[in-house]
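Below: the structure, in structure tokens.
The values are calculated or read from the model by the stated rules, or taken from the named source; none is laboratory data. As the structure is a computational prediction, the values presented were derived from the model and not from experiment. Cβ placement follows ideal geometry from the backbone for every residue including glycine, while neighbour counts extend to all protein chains displayed.
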Amino acid sequence: MYSLLMQSSGEPISISNLRRHLPDTIRVTEQTLKRWLVMHHQRPVARLGPVDASPTTRPPTLTPPQVVTVTHLRQHLHSVLREVEVGGRDVVITHHGNRVATLTPVTPVTSASPATRAPQGEVMSVSTQPIIALVSLKGGVGKTTSTLHLAAVAAREGRPVTVLDGDSERSATHWANLALKLGPLPFEVIETDERTLITQARDIRDRGHTVVIDTPPNDRTLLMKAAGIADHVLVPVAPTGIDLDRLRGTLQLLADTGAIGGRELDVAILLVRFAARKSLAREAQDLLRDFPILDAKVRSLKAYEEAFGSAPLFLEEYEVVWKELVA
Ligand SMILES: Nc1ncnc2c1ncn2[C@@H]1O[C@H](COP(=O)(O)OP(=O)(O)OP(=O)(O)O)[C@@H](O)[C@H]1O
Ligand SMILES: [Mg+2]
């Protein structure tokens with residue numbers, strides 16, 4: 001059920017994976033007394049452990065623990081984690097009235113040092129810009145469309161953004177070149193290949209840019225490099241039999257990439273060309289229930305087909321995707 005989660009060595013877990021697998025992670029924590037380090041952009045923000053972990057392993061915090069249900073945690077994960085990280089506050093998680101796990105700060109805040117505690121709501125460290133990779137072994141699923149739309153969403157948020165075009169067909173580059181006639185895209189598109197991808201992605205991110213990587217279908221090496229360097233890996237899939245069939249191969253390759261790199265990848269599936277009322281779409285959702293699928297969906301719309309060669313303007317669906325993926 002939580003294969004992507006459990007295939008890794010176990011301890012570090014990203015915020016997005018925690019949210020996507022929340023009930024399972026809590027159950028594993030409760031039943032096996034497993035401890036997790038909750039990571040945000042590869043920075044530890046909190047510890048998740050069994051209920052009795054907090055009082056015995058470290059001094060109590062000044063503030064009494066907050067008690068939240070698993071459902072509340074899923075809905076308000078970011079604010080709860082911030083309360084733990086910045087407010088230095090323990091959080092006890094309950095399920096059906098039973099205490100099942102605790103979230104505790106990574107650096108214990110002791111009662112003797114209240115002055116070191118940051119005011120609530122203040123962010124203590126500057127997080128780096130994310131690298132996002134759009135991948136699928138299957139062609140024509142919406143990787144380039146999703147890349148350009150997500151880049152446009154990030155740019156609209158005021159972030160400097162660079163798209164790395166890793167597809168030798170250069171669809172993203174053609175899109176950008178065509179757009180020049182009407183006015184440039186609100187982000188840069190740069191060509192890359194399997195030799196230079198990792199260095200380029202790191203350098204551009206280090207210059208403070210959000211990086212979105214478009215990849216070709218059926219290129220396992222480039223897929224693994226893009227996924228290996230990315231903070232978030234997004235796999236677009238249309239609700240058709242053949243697309244769903246090919247998804248397993250992509251997910252297996254991603255699991256191998258995570259295992260080789262010794263870290264858990266943050267993988268999310270995005271349903272695109274989605275028509276809620278079609279039975280195939282419902283079947284797809286059922287079939288994918290056990291996979292890390294985003295709640296956000298992208299419908300099949302003319303606006304996406306017509307966007308090629310111009311700045312993406314219909315962004316409301318990809319805004320929701322962006323929030324769920326990166327926020
Ligand atoms: N949500 C959508 N609704 C309607 N059409 C879409 C949608 N997403 C993509 N398309 C269209 O589907 C086609 C394939 O999309 P796109 O080029 O983004 O896929 P791709 O995965 O990058 O393909 P390739 O593997 O060949 O690089 C394009 O014509 C695009 O306009
Ligand atoms: Mg493409």
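The helices (runs of 4 or more DSSP H) located wholly in the stretch 215-327 that include 2 or more residues which are modelled with pLDDT of 95 or more, within 14 Å of ligand 1 (Cβ to nearest atom) and not aliphatic (A, V, I, L, M) occupy 302-306, 316-326. Can we say V80 is at pLDDT 80 or above, closer than 30 Å to L288 by Cβ and in a helix (DSSP H, G or I)? Yes: the conditions hold for V80.
Screening K278, K302, K225 for residues that are farther than 30 Å from V161 by Cβ and either assigned by TED's automatic domain parsing to the domain that holds F187 or touching a helix residue (DSSP H, G or I) at 6+ places or on another chain (Cβ under 9 Å) (or both) leaves exactly one candidate, K278.
Residue count for the stretch 173-212 satisfying the condition of being in a strand (DSSP E or B) and among the aliphatic types (A, V, I, L, M): 4. Taking first residues from the stretch 138-160 that are part of a helix (DSSP H, G or I) and partners that are modelled with pLDDT of 95 or more and among the hydroxyl-bearing types (S, T, Y), the Cβ contacts under 7 Å between residues at least 6 apart in sequence or on separate chains come to K143/S136; K143/T215; T144/S171; T145/Y304; H149/Y318; L150/Y318; V153/Y318; A154/T210. For the stretch 12-45, taking the residues that are at pLDDT below 85 and part of a loop (DSSP other than H, G, I, E, B), the one that is surrounded by the most Cβ atoms within 10 Å (Cβ to Cβ) is identified as H21. Inside the stretch 266-307, can you point out the residues that are surrounded by 13 or more Cβ atoms within 10 Å (Cβ to Cβ), within 17 Å of V233 (Cα to Cα) and more than 16 Å from ligand 2 (Cβ to nearest atom)? Once the filter is applied, which keeps residues that are surrounded by 13 or more Cβ atoms within 10 Å (Cβ to Cβ), within 17 Å of V233 (Cα to Cα) and more than 16 Å from ligand 2 (Cβ to nearest atom), the stretch 266-307 yields D266, V267, A268, I269, L271, L288, F291, P292, I293, L294, A296, K297.
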